[in-house]
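Note sheet for the following structure.
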Ligand SMILES: [Zn+2]
């Protein structure tokens, strides 16, 4: 909320008046963050208050006037040329920008000739000083304006002032008015808050009317409206508010409209109590009732919109119909108009949730609803009504009907809150003296009654609805004591639960970074289109993402079920920036409906959020001398094997799979663990999928479900070999479709204990030499015994036995 | 008849011949072969020595001595030749050059995302103080995200973090604080955890991303105080921004979060101007880095912890913002676009 510095000071009695910076610092330290300070008068300088002491027509133009002004009583007059139509009578005050003065926009005035007559500077309009919208003439101060001649124009305009932007905490509805902030400032700086005291004026401005005879108030729904105070002000004339009064409203961001409306806004910002002024003549039956709306009921609000109401909406009704949406917006039929002469003033408190619901549903946040949503102190209503009645009578030339109609069915009792000194000290960690605790609370307006040694019973002021528990009081003691006076200590170390999460995700990240890939982090949600690029058939476990109910854009429509689309889209993005070689990985959660949950629509329970690690390789390997070497399947597999090894996952197997919708049917495999469990997928992204995501060239990928990997066990040492190994090669001719894994499996099937390692050294096709549909593989097998040096004969015998099995079982020919 | 002096002359000639034979030889194998030709069992020296038996016994020692001299001469010639060859090879090897300004063959080049680097560092700093790591689901129940944290429906605080909904009672968590609840439900005090993780809010501009990363801290034990919160934050700030030379201060400013009381905003003294005021701290000398407070008794009640016996503090900070402050990242969106022009900088 916007806070006007002079307004705040009016409500404070401080032993030492702070500068605006000091005040801002104190409020910030007290938890009322000042997000900005604007000097209202900073836009211009050198402009002074001057009095018109003579005027005559300009000899060269009938649109111009020669005006004599003085800026000091008894001083010499200066003749200024003025083009405005409203040059006032002699004796009235205007604002003169003499040579040297600067105006908003940076113009510095000088003496210059206007139609042949020298003019030292000019007389200013609102627009020229940027203090209002009136361009129709120069500013003429009110006849009774007391600003001395020669004073800065800022003073006369009420802009020798500052506006502070206060960010009040959500639970401090009491700080949404100058009075509440004054209470805080006084508590923080040690002063006394001075609320407005309208009572004497009520008496002075009383009409020969009785409010009770002019307004009857009933509350049908006291849970929605704890208190309703009405006053009637009669004999009013609608006209613009005085300049400085209006200026305060402008300063807090409200456009002045007319005295009747402006007064309600003024008191709202002054006290934090929203008010509503009804034209009494349009309140039928002189009766106000507060009730909930009936289903299907409707009304037209003062913005001219027809509103369909719901039974949760709280209404202000007259004898026949709704006249306002309580706390949110008035009705069109009963609002004050230029012809209003008698006002029924409403000063009420409404239940926060009800106001919040209605304001949100109708999209009608207002200064009033925002305050009611945070809670307005019912005890404030009579003061606000009286204050506003006095201002209305003053500004509108009216009189106030005697008495207020105050309906307050169940005044809440505020129970006192027990407070313990020991608990206060223990929670804060400072041995605050008992007297300081007590003094802090008293400064905040609490009643503090000792209740045995180190115990008190504390009754907070009614404005502080947030103080209901001991801990709330301790917080306020600490606020006044000052957090700066709390030392820094470390909590005693007691062993809590050990690491609560497996760090497999970070181990995977480190391994993939070590493999040369860059980590990407992408959004958990994505567009439906991006998800659809996977081409998943209905019923596929990843085909039915959970939708976000209220996305801000199509890019936030559904929760990802795979890391792949965002990564391929990132490839496309990089390519569009001219980066052709992309090697990215992401480790993160995907969101899958739990088994048994409906495949479409909103889930009824939380999702499974398995952690995945996915890699994409596009373009070529890191470039060096020579031609680029495009990434291929083997690169992806190499990274995957490195990752599996790093995670202690044991051996992984690859089984060709042509049925994965988003992978090339001929370049795709399922990745299996040693126990046969599916760990993930690897291959080339299906051309249709990657094209849909914006990539033209091949993209190789893998995607592992980290949770499917076996938990790593501490590696156990095997004896370091003491005897030499012997290697034997065998060159095989096979049918092309036979996978390399087949040879490996046959060798493993021999269960030959002397085999230490099997390595494919070479693989090639050459139809001319090998025949069509054939391929050659050179395998190198290493043999070793743990307890002796193998003889050549021994190795040869084992090797030949294995070769024989390979020929028979693979099947293969020896080359 | 052969005399001793004949044989000695023959032997000495062999020595000279050998020198001539190996002079042009350039590899060890042929030199060794030549050596065998002269000194082997059937070598030329042996042939000469077969004559020894015919000499008078008095001449034999002199011839024997001559034969040994020749053998030594030949062995020395071999050694000298081999040494010379090795020296020549080494010299040739050392004459080799490469263009040391050619680019290196690419190796490694991978890296963790800046946010991951910062997160790991944060977790490490808090681990020094005994904090374990906890996590929770990103799609959370309304209860864990709000209700249990004393933010009932219609509470104004729900405005502070506009929420993505998945169903009536299921949301994308707006903060990592539900991990507090899950941890307290699962473990009796003492508790000392940090919970890093992504969160979601309906907010999208230069400083807000609809997904971002928080780190949450929670300590629950007997006798935990506001001063402990301050001490932990002070330690963290000075470790994380250690590059500033330490000496950074922490300011706690009263604020309101429904699940803590007292609640505070955490400011640290501006590491750029060291409190003097600059553009980054908007002239205040302080930079806001997160929120914190003492766990509200209502939250303890939700998870069945006795708030008379136990107290605790919690804090939450945005990891993007910390990375922004330390690494000068000026647009939060850069973190999530997978753009290598950004990612490769860290
Ligand atoms: Zn700074």
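Derivation of every value follows stated rules applied to the coordinates shown; laboratory data play no part. Everything quoted here is computed from the prediction, not taken from an experiment. Neighbour counts are summed over all protein chains in view; Cβ atoms, including those assigned to glycine, are modelled from backbone coordinates with ideal geometry.
Key figures
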| read-out | value |
| --- | --- |
| Ratio of Rg to Rh over segment A:468-563 (Cα coordinates, Kirkwood Rh, two decimals) | 1.24 |
| Contact order normalised by residue count of segment B:4-95, Cα under 8 Å, 6+ apart, percent | 41 percent |
| Peptide B:293-301, shielding by other chains (average Cβ, 10 Å cutoff) | 2 |
| Computed E for residue B:344/residue A:102 - FRET, C-beta separation, R0 51 angstrom, nearest 0.05 | 0.50 |
| Volume per residue that the Cα convex hull of segment A:327-482 spans, once the total is divided by residue count, Å³ | 168 Å³ |
| Alpha carbon convex hull of segment A:26-152, projected area averaged over orientations, nm² | 9.8 nm² |
| Burial ordering of B:310, A:764, fewest other beta-carbon atoms within 10 Å first | A:764, B:310 |
| Cα convex hull volume per residue for chain B (Å³) | 294 Å³ |
| GNM flexibility winner over chain B from B:329, B:226, B:58 (Cα, springs under 10 Å) | B:58 |
| Gain in span if fully extended, residue A:735 to residue A:305, counting 0.36 nm per residue against the direct Cα distance | 146.7 nm |
| Packing-based ranking, highest mean first, of B:135-144, B:29-38 given that Cβ atoms within 10 Å are counted | B:135-144, B:29-38 |
| FRET efficiency, 1/(1 + (r/R0)^6) with R0 51 Å, evaluated for residue A:17 and residue A:332 via beta carbons | 0.65 |
| Average beta carbon contacts from partner chains per residue of B:249-262, 10 Å cutoff | 6 |
| R0 of 25 Å, Cβ-Cβ distance residue A:800-residue A:770: FRET efficiency to nearest 0.05 | 0.60 |
| Taking only Cα atoms of segment A:266-340, radius of gyration then Dmax in Å | 12.5, 37 |
| Volume per residue of the C-alpha convex hull in segment A:404-554, rounded to whole Å³ | 350 Å³ |
| Value of Rg/Rh across segment B:283-323 [Cα atoms, Kirkwood radius] | 1.19 |
| Long-range Cα-Cα pairs in segment A:114-166 (distance over 16 Å), rounded percent | 55 percent |
| Semi-axes of the equivalent ellipsoid for segment A:430-506, Cα gyration tensor, largest first, Å | 36, 16, 13 |
| D (Stokes-Einstein, µm²/s), Kirkwood Cα radius, segment A:526-600, 0.692 mPa s at 37 °C | 242 µm²/s |
| Hydrodynamic radius of segment A:105-213 per Kirkwood, over alpha carbon pairs, in Å | 19.5 Å |
| Zero-based 10 Å bins, Cα pair distances in segment A:139-186, whole percents | 20, 32, 22, 22, 4 |
| Segment B:4-95 - Kirkwood radius from inverse mean 1/r over Cα pairs (Å) | 14.1 Å |
| For A:795, A:343, order by how many other beta-carbon atoms lie within 10 Å, fewest first | A:795, A:343 |
| Helical mean residue ellipticity (222 nm; -39500 (n - 2.57) per DSSP H run of 4+; nearest 500) of the protein assembly as shown | -9000 deg cm²/dmol |
| Residue B:278 versus residue B:86: modelled label distance in nm, points set 7 Å from Cα along the beta carbon direction | 6.3 nm |
| Whole-Å semi-axes of segment A:311-377's equivalent ellipsoid (Cα gyration tensor) | 22, 13, 11 |
| Pair residue A:503, residue A:462: separation of 7 Å Cα→Cβ label points (nm) | 5.9 nm |
| Inter-site label distance for residue B:205 and residue B:2 at 7 Å from Cα along Cβ, in nm | 11.4 nm |
| Average beta carbon contacts from partner chains per residue of A:511-523, 10 Å cutoff | 6 |
| Value of relative contact order over chain A, rounded to a whole percent, pairs C-alpha under 8 Å and six or more apart | 8 percent |
| All-pairs Cα distance distribution in chain A, expressed in whole percent, bin size 10 Å | 2, 9, 13, 13, 13, 13, 11, 9, 7, 5, 3, 2, 0, 0 |
| Overall Cα dimensions of segment A:169-328, principal axis frame, Å, largest first | 52, 42, 28 |
| Contact order normalised by residue count of segment B:114-343, Cα under 8 Å, 6+ apart, percent | 20 percent |
| Of B:237, B:83, B:194, the one that fluctuates the most in a GNM where chain B has Cα springs shorter than 10 Å | B:83 |
| Cα-based equivalent ellipsoid, segment B:77-176: semi-axes from gyration tensor eigenvalues, Å | 71, 17, 11 |
| Exposure proxy order (Cβ contacts within 10 Å, fewest to most) of B:49, A:717 | A:717, B:49 |
| Stokes-Einstein diffusion coefficient of segment A:563-713, Kirkwood radius over Cα pairs, 10 °C, 1.306 mPa s, in µm²/s | 97 µm²/s |
